[in-house]
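The structure appears right after this line, and notes come after that.
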Amino acid sequence: MSHKADAPFVPLNIAVLTVSDTRTLDTDTSGQLLVDRLQAAGHQLAARVLLKDDLYKIRAQVATWIAEDEAQVVLITGGTGFTGRDSTPEAVTCLLDKQVDGFGELFRQISVADIGTSTIQSRALAGLANGTLVCCLPGSTNACRTAWDGILAEQLDNRHRPCNFVAHLKAAAPCESRG
């Protein structure tokens, strides 16, 4: 149920990180879906990066975005599975000041309609770090669509009531979209 307050929309600066050993920016349909959705909603793309699944490279990139004032939200797609190379949750969790437990719970709940009990293998998570919301999503394009349409579109909209994440985010420095 979406309730919108009579307030002007506040666009956010959102960085998108794709974690994949096989994709390129040209074949990254999941990252592109997130870019398309956030821009269609009126937000700004602060940066877009694709990294191999390497715990320390992921952690370094996310830590940089958390430390800077440009990105208010970091959306990460990929690296949340159970293979030996999947390390996004391990890379990110130690950076979080507070974990948003309900994010992973709600993501798994709404994913049941699409993938049934396979949703228990999702390690989707989110948290706040230095006034930045960091969301770790599975690498599938459908999972990114589910997360954006079912959770993020409302929670990144300052007009959504009774609450949203915008009030918890740091003020952002103006950014020029980087690809």
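So the values come out like this:
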read-out	value
Cβ crowding within 10 Å averaged over residues, with 71-83, 123-135 ranked highest first	71-83, 123-135
Hz values of 3J(HN,Hα) by residue in the stretch 18-31 - Karplus curve (6.51, -1.76, 1.60), Gly and Pro given as x	9, 10, 7, 8, 10, 8, 10, 4, 6, 9, 7, 6, 5, x
The stretch 38-67 residues near the modelled ASN130 label - backbone nitrogen below 12 Å, point 7 Å along Cα→Cβ	60-67
At R0 = 22 Å, FRET efficiency that the Cβ-Cβ distance of LYS98 and ALA67 yields, to 0.05	0.85
Integer Hz, Karplus 6.51/-1.76/1.60 couplings in order for the stretch 81-98, x for Gly and Pro	x, 10, 6, x, 8, 6, 9, 4, x, 5, 5, 9, 3, 5, 8, 7, 7, 9
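Only the coordinates and a few stated rules stand behind these numbers; no lab work does. Since the model is a prediction, treat every value here as computed from it, not as a measurement. With ideal geometry, Cβ positions are generated from the backbone for all residues, glycine too; neighbour counts draw on all protein chains shown.
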